[in-house]
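Everything below concerns the one structure shown next.
The values are calculated or read from the model by the stated rules, or taken from the named source; none is laboratory data. Fair warning: this is a prediction, and the values are worked out from it, not measured in the lab. Because the Cβ atoms are built from the backbone with ideal geometry, glycine has one as well, and the counts that use them run over all protein chains shown.
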Amino acid sequence: MRYDQGVLREIRARVDIAALIGSYVSLKKRGNDLVGLCPFHAEKTPSFHVHPDRGFFKCFGCGAGGDAITFVQKSENLDFAEAVRTLAAKAGIELQPENPRAARVRSEREAIYESNRVAAAYFARMLAGERGAHGRAYCSRRGFSNETLEGFGLGYAPDSWSGLVNELQNNGIDLAIAAKAGLVKAGQRGYYDFYRDRLMVPTYSTTGEVIAFGGRAIGDGEPKYLNTSTTPVYTKGHHLFALNLARKAAQNDRTLIVVEGYLDCIALHQAGFRNAVAALGTSFTAEQAAELRKYAEYVFLCFDGDAAGSAAATKAIDVASKEIEHTGSSVRIVLLPPGDDPDSFIRTKGPAAFQTLLDEAKRALEFRIDAETERLRAGFESPARLNQRAESLIRRLAPREEWDRWRVYVAGRLQVNVDDLRNSRFLADSANFAPHSKTAFAPSRHVAASVEPLSFEREVLSILLEEPALGKEFGERIGASRFRNEVYRRVYERIVEAAGMLISTADVFGLFAED
C-alpha cells in the first residue's frame, strides 16, 4: 500500500515519538536526547537514543533506527500499511481509500479480528449468564476472582453445536471468515461450533486485538486443551499469552516470567506476578524469545521439576541463546517441585513461596553446568569430556569478560581441578582442540604454569562475594594453600570458616566489620 507523502509527514508531525516509544521503553533525558535500553536486542548499557526534535530513534548497539512508523512496525510486528493505520488512528488522521488488492488483504484480517471480538464477547456473556453456571463453578474451583475473569476476558463456550454460529450470523459475520479464524468448522450440514463446554481464554496482541483462543475442557471432553491453529492473524509459536498485560508490568525491572500454560499464567497474575506470560501450549520458540527480548532484560523460565521439565529447560536455554544476549546470566530456570505446576503451587504454598523459587532460581549456565555434573556422577561423562562441554557452554552462553569467572565456578562446583579446567581454555583456542574427542584429557605442565594465580584468586573471591553460600563447597574443593596472596588467603579462609551462616554479600562484609 502506497500512502501520499503529505499524509505520512502529517502522521510523523502529529505523533509524539518520545511519548510513543516511552510507552514501551523506560527513557531518561540526556542532553537533547532520550536514552534507554533497546527493545530490539538485549543489552545492559543503554545504546538506544530517541531524538524528539528530529522525530527519529537510533540504536547504536544493533543498528535499528527510523521514525515512529518504523518503531511501531518493529515493535508490533506489523507491515508498513498496518503501522500507518495504527498511528493515523492515534493521531486522528483520516486516510484515503486503499488500492483494491491491499484493501482485500486488510479486509480479511480485519474481518477475522471482528469475528474474534464478537466471539470473545459472546463467550464472556455466556460465562456470566444462566448457561455459564458450569463454567463459573470451574473458575471457582480454580480460585479465579471476578476481577481476574474480567481482566483476562475469560468466557465459556456452551455445550452447543450452533450457539456461536448463530451469534456470528446475527452480527453479520461471514462464517467462511469465522472458519479461517478457527472459531467454527464446516460440516456436511453446514458450519458448527468448534469449541463446546470449555472455559475460553482469549489471547490478545500487544495492540489489544483478540488473535486466538484457548479452550480448556470442563467436563470429560478431549483433548483437554483445544487451541487456535495458525490463522492470517496468528502464527502458533510466535506469540506469548498475556504479553499485552505483562509488558507494562515489566517496564520497571525489565523482567518477565514464562510459564507453559495460560491458566498457570492467569494464576500468577492473580497472585501478584503481573509480569508473567505463557508459551501458549508450544515448546519455547526463537520467535517467542525475540518477543521477550523487546521487553525484558531478565527472563525466568518455569518448568515442572521432573525429567521432562529438565529436558524442556535445557532445550529452552539453547533456543533463548539464539535471541537473548548473555543467556547464561540473563535467563534463569525455575524448576517446580514434582507434581506441581505454577497454579497448584500458588494455591497450596502461596505467593511468598513462589517468590522464593524466583529468588533461588539458577542462572541458565549454572543450570546447564549442574546438569553436566549429574551426567558425570552417573557415569555418562568423563572428566575430560565434561571440561570440554563446560568450556563450550561458557563460550556460548556468557560474555567474554565473564569466562574466567565461570571457569572458576565450574572448578568449585564440578569437582574438576581448577588448573585442568583453565587449561581447557588454551586447548580450545588451539587448532588441536577436538570437542567431540573421546581421548583422555592431558593438559601440559607449561600451560598450567602460565595461568596468573592472582587472577584465579580474585575470581574465586568474586564468586564467593556474590554467592557466599558456596563457601563450604569451595572449601572442600580448593585449599587455602592455593592462595599466594596473604590478604586474599585470609579473606578466603574467613568465608569458608563461616560457611553456612552466610547468605548475602552483606553477611560477608560483616565478617570484617571489626577488622
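The table for this structure:
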| read-out | value |
| --- | --- |
| Candidate set: region 195-228, residues that are in contact with a Ser or Thr (Cβ under 9 Å, 6 or more places away or on another chain) and of a type in the set (A, V, I, L, M, F, W, C); chosen: the one nearest to GLY261 (Cα to Cα) | PHE213 |
| Scan of region 19-68 for residues that are small (Gly, Ala, Ser), closer than 26 Å to VAL7 by Cα and surrounded by fewer than 18 Cβ atoms within 10 Å (Cβ to Cβ), ordered by number | ALA19, GLY22, SER23, GLY55, ALA64, GLY65, GLY66 |
| Close pairs from region 394-405: first farther than 15 Å from SER462 by Cβ and touching a residue at least 40 places away in the same chain (Cβ under 8 Å), partner surrounded by 14 or more Cβ atoms within 10 Å (Cβ to Cβ) and of a type in the set (Lys, Arg), Cβ under 8 Å, at least 6 apart | ILE394/ARG407; LEU397/ARG368 |
| Those helices (runs of 4 or more DSSP H) lying entirely in region 310-406 with at least 1 residues at pLDDT 95 or above, assigned by TED's automatic domain parsing to the domain that holds ALA296 and surrounded by fewer than 18 Cβ atoms within 10 Å (Cβ to Cβ) | 342-349, 351-359 |
| Looking only at region 257-309, and only at residues there that are modelled with pLDDT of 95 or more and among the small types (Gly, Ala, Ser), the one that is surrounded by the fewest Cβ atoms within 10 Å (Cβ to Cβ) | GLY272 |
| Count of residues meeting criterion [β-branched (Val, Ile, Thr) and either touching a residue at least 40 places away in the same chain (Cβ under 8 Å) or at positive phi (or both)] in region 335-377 | 3 |
| Flag if ASP33 is of a type in the set (D, E, K, R), outside the structural domain of GLY155 (by TED's automatic domain parsing), modelled with pLDDT of 85 or more and touching a helix residue (DSSP H, G or I) at 6+ places or on another chain (Cβ under 7 Å) | no |
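A quick yes/no check of all residues on (1) of a type outside the set (A, V, I, L, M, F, W, C); (2) more than 26 Å from TYR298 (Cβ to Cβ):
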site: SER26; (1), (2): yes, no
site: PHE40; (1), (2): no, no
site: SER47; (1), (2): yes, no
site: GLY66; (1), (2): yes, yes
site: THR86; (1), (2): yes, yes
site: ILE93; (1), (2): no, yes
